[in-house]
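The values are calculated or read from the model by the stated rules, or taken from the named source; none is laboratory data. Given the structure is predicted, the values throughout are model-derived calculations rather than measurements. Don't worry about glycine lacking a Cβ; one is built from the backbone with ideal geometry, like all the others, and counts go over all protein chains shown. Areas reflect the complete protein model, heavy atoms only, side chains present, ligands, DNA and RNA absent. Shrake-Rupley method; radii C 1.70, N 1.55, O 1.52, S 1.80 Å.
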Amino acid sequence: MHPFINICIVLLCIISSFFNSQATDTRPQTPNSLVLGLSHVRSLYTPSMTLLNSTNYDFLDIIEPVTAYTDGYLLSLNLGTPLQVFQVYLDTGSDLTWVPCGTTSYQCMECGNDHSSSKPSPMFLPSQSSSNTMDLCGSHFCVDVHSSDNRFDPCAAAGCDIAAFTGGLCPRPCPPFSYTYGGGALVLGYLARDSITLHGSIHGIDPLSPVEFPGFSFGCVGSSIREPIGIAGFGKGTLSLPSQLGFLGKGFSHCFLGFRFARNPNVTSPLVMGDLALPAATDGFLFTPMLRSVTYPNFYYIGLEGVSLLGDGGSAAAAMAAAPPSLSGVDPEGNGGVLVDTGTTYTHLPDPFYASLLSSLGTAAPYERSRDLEARTGFDLCFRVPCARAPCTAEDRLPAITLHLGGGARLTLPKLSSYYPVTAVRDSVVVKCLLFQRMDGGGGGGPGAVLGSFQMQNVEVVYDLVTGRVGFLPRDCALRA
């Protein structure tokens, strides 16, 4: 999630199992890797496994369960001693990792019907963890969460005397923080330190065991606006989960299952960190350069040169519409480019480019529009598609959308990542809507567009931080499970 993005909600889940995820990756295991299966579990390891300390080993392959939720993909966080387990959003558009925390009930304003008080969010209890401490005001994580250019500010706010904080000797805790997201979302809390436990093997050949990473800094959040559960920040800042675990020198990847597996508890797909995430030259990935923003250096940007449409048999249904310069690059002030953000549900494009895409799709699609469903759902383009029986993919003649990325990469999105049936089959017709939305930038700067998680379904995405590029490979992510 990003301050310039209005986050939209879709029922987009991945329900998966941890044990399925352990034995499904067909790539050879390599050192320095972390594999996080997209799954939901209650118990994260069996009593027969031996607890390892990550500081004692240089080479780790780790497999960890992740699950999904009503509006995104989730990762299991296993915090403290003994473990307390939480499901949190996987978000490449922010850095802070946080969980609901405290001794009283978690307060979430404007969290909707799915997060009513009848189903309170699980809360981390610091007093129940023997390894928990409060982060100190002199910590670089404290400076980062307060977005301060002066490293002395947090300790000054904590009430330290000048000799103590300039000498780095102030023992006071990091002051409470507020952390904002797009769409007016906000969390309030304080920084804590505790162990985080993942699952791994040494050198990629030993059996999986829990691996403890001590001293992990995370937000202990007591109240929020529009954030019902926690978040695992996967940006490039010092606070992010991959940064603290030491994987920003390599990279990570994910392969999000399609929505058809939303209610299937037996299917999983992996999130991978480390060497294993970086594909071989023969793996067929489409790579585009990773752009850098001087204003927002912690996020993952790529360039978009244009969009074209493909009809039946791969024939061109519409010539490429060139994207504005603000999407193909980032300007000297750090604005523009396309933000790759798993914390935003749908892809957002700016007008008039987005309006041009809608016009081209309306002309190329051989179906009648459903304007009543457009009005009821809020989506901009819906079609009445003939369908004898769900899932109605074989007879679907909606044009496929191809993104022309920087460096010559052409990513054709799976149709189910572009259109979604919003009705059941009725009278041999189903209504499918385009799940792109208009970018509401308001001229305030920031990214020019956003690539959201719905369009990343059944596309393996690699964040190669060694060479500074992002790779895409359309594939059935269930086969990576």
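When all protein chains stay in place and ligands, DNA and RNA are ignored, the 1.4 Å accessible-area order of 299, 472, largest first, is 299, 472. Amide H contacts under 5 Å for residue 268: 17, restricted to partners 5 or more places along the chain or on a different chain, H placed in the peptide plane at 1.01 Å from N. Note on residue 128 and residue 359: their simple-model spin labels are 5.9 nm apart, each label 7 Å out from Cα toward Cβ.
How big is the dipole moment of region 208-299 about its Cα centre under a simple scheme where the beta carbon of each Lys and Arg is +1, that of each Asp and Glu is -1, and everything else is neutral? Debye, nearest 20, please. If you can, show how the numbers build up before the last one.
Working: 6 positive and 4 negative charges, 56 e Å.
Magnitude of the dipole: close to 260 debye.
Counting charges near residue 92 (Lys, Arg +1; Asp, Glu -1) among other residues having Cβ under 11 Å from its Cβ returns a value of -2. Here the Karplus relation 6.51 cos²θ - 1.76 cosθ + 1.60, evaluated at θ = phi - 60°, turns the backbone of region 121-133 into coupling constants of 5, x, 10, 6, 10, x, 5, 8, 10, 6, 9, 7, 9 Hz, with x for every Gly and Pro.
In region 341-403, taking the dipole from charged Cβ atoms about the Cα centre, the farthest positive-side position among 346, 357, 390 is held by 390. The portion of the accessible surface of region 377-481 made up by carbon and sulfur, rounded to a whole percent, is 50 (1.4 Å probe; DNA, RNA and ligands excluded).
Backbone amide hydrogens, once placed in the peptide plane, bring residue 305 within less than 5 Å of 404, 405, 406, excluding anything fewer than 5 places away on its chain.
Excluding residue 250 itself, calculate the net charge of residues whose Cβ lies under 11 Å from the Cβ of residue 250, where each Lys or Arg counts +1 and each Asp or Glu counts -1.
Within the 11 Å Cβ shell, the charges total -2.
Taking the Cα centre of region 388-475 as the origin, how large is its charge dipole in debye, to the nearest 20, when only Lys and Arg (+1) and Asp and Glu (-1) carry charge on their Cβ atoms?
Numbers: 9 positive and 6 negative charges, 31 e Å.
Roughly 140 debye for region 388-475.
Here the Debye sum runs over all C-alpha atoms of region 129-178 as equal scatterers in vacuum, and log10 of I(q)/I(0) at q = 0.18, 0.20, 0.27 Å⁻¹ comes out as -0.49, -0.59, -0.96. Taking only protein heavy atoms and a 1.4 Å probe, the accessible area of region 115-193 is 57% carbon and sulfur. Under 5 Å from the amide H of residue 72 lie the amide H atoms of 12, each residue being 5 or more positions distant or on a separate chain, with H modelled from the backbone and absent for Pro and chain starts. Considering all alpha-carbon pairs of region 210-349, what whole percent are spaced by more than 24 angstrom? Within region 210-349, distances greater than 24 Å cover 51 percent of Cα pairs. Quick check: pseudo-label points 7 Å beyond the Cα along Cα→Cβ at residue 395 and residue 320, how many nm apart are they? My value for the distance between the label points is 3.5 nm.
The 3J(HN,Hα) values that the Karplus relation (6.51, -1.76, 1.60; θ = phi - 60°) gives for region 412-424 are, in residue order, 8, 6, x, 4, 5, 8, 10, 10, 9, x, 9, 9, 6 Hz. Gly and Pro appear as x. Summing +1 for each Lys or Arg and -1 for each Asp or Glu among the other residues whose beta-carbon sits under 12 angstrom from that of residue 425 gives +2.
Roughly how many debye, to the nearest 20, is the charge dipole of region 260-390 about its Cα centre, given +1 on each Lys and Arg Cβ, -1 on each Asp and Glu Cβ, and no other charges? Before the final figure, lay out the partial values.
Working: 8 positive and 12 negative charges, 118 e Å.
Dipole about the Cα centre, nearest 20: 560 debye.
Label separation (residue 104 vs residue 476): 5.2 nm, computed from points 7 Å beyond Cα along the C-beta direction. Each residue of region 87-103 is assigned a 3J(HN,Hα), and the resulting list reads 9, 10, 5, 8, 9, 7, x, 7, 10, 5, 9, 8, 9, x, 8, x, 9 Hz, derived from the Karplus form 6.51 cos²θ - 1.76 cosθ + 1.60 (θ = phi - 60°), x at Gly and Pro.
At 1.4 Å probe size, with every protein chain present, just tell me what the per residue accessible area of region 244-365 comes to in Å².
On the way: 4590 Å² over 122 residues.
Solvent-accessible surface per residue comes out at 38 Å².
For region 164-200, state which chymotrypsin sites (Phe, Trp or Tyr not before Pro) are in a DSSP loop and have at most 14 other beta carbons lying within 10 Å of their beta carbon. Loop-located and lightly packed - none at all.
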